[in-house]
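No value in this document is a laboratory result; all are computed from the given coordinates. In this text, all values refer to a predicted model and were calculated from it rather than measured experimentally. Here the Cβ positions follow ideal geometry from the backbone for every residue, glycine too, while neighbour counts run over all protein chains shown.
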Amino acid sequence: MGDVEGLDRASWWQTARFGMFIHFGLPTVLERGIWAQYWEHIPRDEYAALKGSFNPQSCDPAEWVRLARDSGMKYMVLTVRNHDGFCLFDTATTDFNSVASPFGRDLVREFVEACRAAGMRTGLYFSLMNWRHPGCLQRRAEQYRAPAFYKRLVEETHEQIRELTCNYGKVDVLWFDCMRPDDPTIWRSEEMMAMVRRNQPSILVNDRAGVPGDFGTPENEAIPQSRPWEACFTMTDTWGSAPGDRNWKTSRELVTLLMSCAARSGNLLLNLPPGADGRFPREGVDRLREIGKWLRTNGEAIYGTLSAPIGHSLNIIGPGQGWATMRGSTIYMAAIRWQGATFRFAWLKNRVLSARVLGADCEVRVEQKGDRVWLHGLPEHPPDPLLPVLAITVEGRPERIEPGDFLIL
């Protein structure tokens, strides 16, 4: 994305920095992740019968939005159609949807209305892959590579995207996933994108539909890009509800992950999937509430910040010790390893005017010799149990001194 209009569309998103990803749908009935049908080779008819068991009566989108807001998240993305082709919205294209299930509800409408009522930005995830169509994943037979084979699948996809972008009011983000085959001519991606832009002029679209879109989406890796980008991560190791996956990331790991994305001028889209009853698991809720508490003290180091020209790029506060963001003339250093009452760093070109510890009542004294800086008077022990942050105001725009060969002078 290089056009001025595109940059204007993304301005709110690039200041938000933190969003919620919700993987939900028919795979939740099995509670073994969104790829269960594929990995267990469940026949289409057998899998389709699960629709009769889809009835998450405790599902409350308004409660989802409250949790996201309390956690400091600024936007939410819901999986409205996953790889299995099951739709969480009222569509005229198929009865393989939530309205035609015992659940009997258009969850997309409830979700966007709950977001809108709370002032939360709204995103819809849509997988272009659809296992309801025979041979969708088949790559060997020539017939499966022929565009004519995909005609019905592509037409259905275009119509469902038209429904989503026309029937639910303003949508802020459209998050495509999984093109199979990965040929934009088969999917008529340019035509599809033009339709989306006509229906939703201000919408942001990611990069997984075979056209560049507005932002990049590295998955389970915080890889910086030269364009707006967002890393999506799971809180465990599984996309979708899987109670058997107990490998939960700690609150400290998640806060550090959020800071590491912001320190590279990127966003974090963090996945928390509801269970079969529509409720979020307690482990995830507890972690999100802890992140929200941390952000209420340290949010100025995240929202609306950019990568600082020091910090992670040069490890100026020691290997693995922290990350740095900035806003204007203020640098925010997140100290993974607390150094005690005196904090030391180097390679800073600017003169330091003042420093403070976010959330701590202490008077910080600054000592500086050239590029070397000492901050005195800090608490002896980390003032925040998750990740303490130092705010350092300098003269002018922050700059670094290139260390060259790292010679000790």
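Please report Thr91, Thr325, Thr330 as a ranked list, fewest other C-beta atoms within 10 angstrom at the top and most at the bottom.
Thr330, Thr91, Thr325
Need the list of lysines near Lys151 for cross-linking: C-alpha distance under 27 angstrom, and skip anything on the same chain fewer than eight residues off.
Straight-line reach from Lys151, under 27 Å: Lys51.
Add +1 for every Lys or Arg and -1 for every Asp or Glu among the other residues with Cβ under 10 Å from the Cβ of Arg279, and state the total.
Combined, the nearby Lys, Arg, Asp and Glu give -2.
Can you give the local net charge around Gly370? Use residues other than it whose beta-carbon is closer than 11 angstrom to its beta-carbon, Lys and Arg +1, Asp and Glu -1.
Taking every Cβ under 11 Å from that of Gly370, the sum is +3.
Report the charge-dipole magnitude of segment 308-394 in Debye, nearest 20, computed about the Cα centre from +1 at each Lys and Arg Cβ and -1 at each Asp and Glu Cβ.
About 340 debye.
Give the peptides 344-350, 191-197, 357-363 in descending order of average Cβ contacts within 10 Å, highest first.
Put in order of decreasing packing, that is 344-350, 191-197, 357-363.
If you add up the charges near Phe18, with Lys and Arg at +1 and Asp and Glu at -1, over every other residue whose beta carbon is less than 12 angstrom from its beta carbon, what do you get?
Here the count lands on +3.
What share of Cα pairs, in percent, lie more than 16 angstrom apart in segment 340-409?
Counting every Cα pair in segment 340-409, those more than 16 Å apart make up 51 percent.
Just to confirm my numbers, what's the Cα centroid distance between segment 4-56 and segment 321-363 in Å?
Computed from Cα coordinates, the inter-centre distance equals 39 Å.
Quick check on segment 31-187: of the DSSP beta bridges with both residues there, what percent are antiparallel, nearest 5%?
Rounded to the nearest five, the antiparallel share is 10 percent.
Per-residue ellipticity at 222 nm for the chain, helices alone: DSSP H runs ≥ 4 residues times -39500 (n - 2.57), over residue total, nearest 500 deg cm²/dmol?
After summing the helix terms and dividing by the residues of the chain, the value is -7500 deg cm²/dmol.
Sequence neighbours fewer than 8 away in the same chain don't count; with that in mind, list the lysines whose C-alpha is under 18 Å from Lys170.
Straight-distance partners of Lys170: Lys74.
Using the charge dipole of the chain (Lys, Arg: +1 at Cβ; Asp, Glu: -1 at Cβ; taken about the Cα centre), state which of Cys232, Met193, Ala324 has its Cα farthest towards the positive end.
Checking the options against the dipole of the chain, the answer is Ala324.
Near the amide H of Trp229, under 5 Å away, which other amide H atoms are found, from residues 5 or more places off or on another chain, if H is placed in the peptide plane?
Gly216, Asn267
May I have the pair-distance distribution P(r) for the chain, computed from all Cα-Cα distances with 20 Å bins from 0 and rounded to whole percent?
Reading upward from the zero bin: 26, 51, 21, 3.
Per residue of segment 66-82, in order, report the coupling 6.51 cos²θ - 1.76 cosθ + 1.60 (Karplus, θ = phi - 60°) as ³J(HN,Hα) in whole Hz, putting x for Gly and Pro.
Using θ = phi - 60°, the values come out as 4, 5, 4, 5, 5, 8, x, 7, 10, 7, 9, 10, 10, 6, 8, 8, 9 Hz.
Where both residues lie in the chain, what percent of DSSP beta bridges are antiparallel, nearest 5?
So the antiparallel bridges in the chain amount to around 50 percent.
Tell me, what HN-Hα J-couplings in whole Hz come from the Karplus equation 6.51 cos²θ - 1.76 cosθ + 1.60 at θ = phi - 60° for each residue of segment 361-373, using x for Gly and Pro?
Ordered by residue, 3J(HN,Hα) equals 9, 8, 9, 9, 9, 9, 10, 9, 10, x, 8, 8, 10 Hz.
Taking 25 °C and 0.890 mPa s as the conditions, I'd like the Stokes-Einstein D for segment 190-230 in µm²/s, using the Kirkwood hydrodynamic radius from alpha carbon pairs.
Translational D for this selection: 221 µm²/s.
For the chain, what is the relative contact order in percent, using Cα pairs closer than 8 Å and at least 6 residues apart in sequence?
In percent, rounded to a whole number, it is 16.
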